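Quick notes on the structure that follows.
The values are calculated or read from the model by the stated rules, or taken from the named source; none is laboratory data. This one's a predicted model, so the numbers in the text were calculated from it and none came from an experiment. All Cβ positions, glycine included, derive from the backbone under ideal geometry; neighbour counts span all protein chains shown. Ligands, DNA and RNA are excluded from the accessible area calculation, which covers all protein heavy atoms including side chains. Shrake-Rupley method; radii C 1.70, N 1.55, O 1.52, S 1.80 Å.
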Amino acid sequence: MGKGFLTYSSAVILRAVANGYLYGFDIIAITGVPGGTVYPALRRLEEAGFLASKWEKQSISHAEPRPQRRYYELTRAGREALAEAVKRYRLLEQPQANKMRDRKPSRA
């Protein structure tokens, strides 16, 4: 992934992280992007320096009981890349949460 150009799906993932969806399953749920796309994209975005991640404490996941989560956050470069992507993909100007909440069924 070259710095300065993001695919639409990568930009949507960055927008989701910027809106507080910080781990893979939440990102999949809010964006509708399949896990087979989200998880490799998260890895590439981290390698490109747009995201940083850390694993939650194992005691937290054991207490809930569920798998351990890897939490992501935007880096400065990620915020800059997202700002450029918003200019390119104008639909991203709206906060992701509002798009999902306000979505109406199609009449097809």
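Quick notes on this structure:
- Exposure of Leu91 as accessible area (Å², to 10), given a probe of 1.4 Å and all protein chains: 90 Å²
- Segment 67-73 - phi-based ³J(HN,Hα) in whole Hz, Karplus 6.51/-1.76/1.60, Gly and Pro as x: x, 5, 9, 9, 9, 10, 9
- Cα gyration tensor category, rounded, prolate or oblate, for segment 26-81 with a/c compared to 1.5: oblate
- Backbone phi angles across segment 44-52, fed through the Karplus curve with coefficients 6.51, -1.76 and 1.60 (θ = phi - 60°), yield HN-Hα couplings of 5, 5, 5, 4, 7, x, 8, 10, 10 Hz in residue order; Gly and Pro are listed as x.
- Sites Ala29 and Ser59, calculated FRET efficiency, Cβ-Cβ separation with R0 22 Å, nearest 0.05: 0.35
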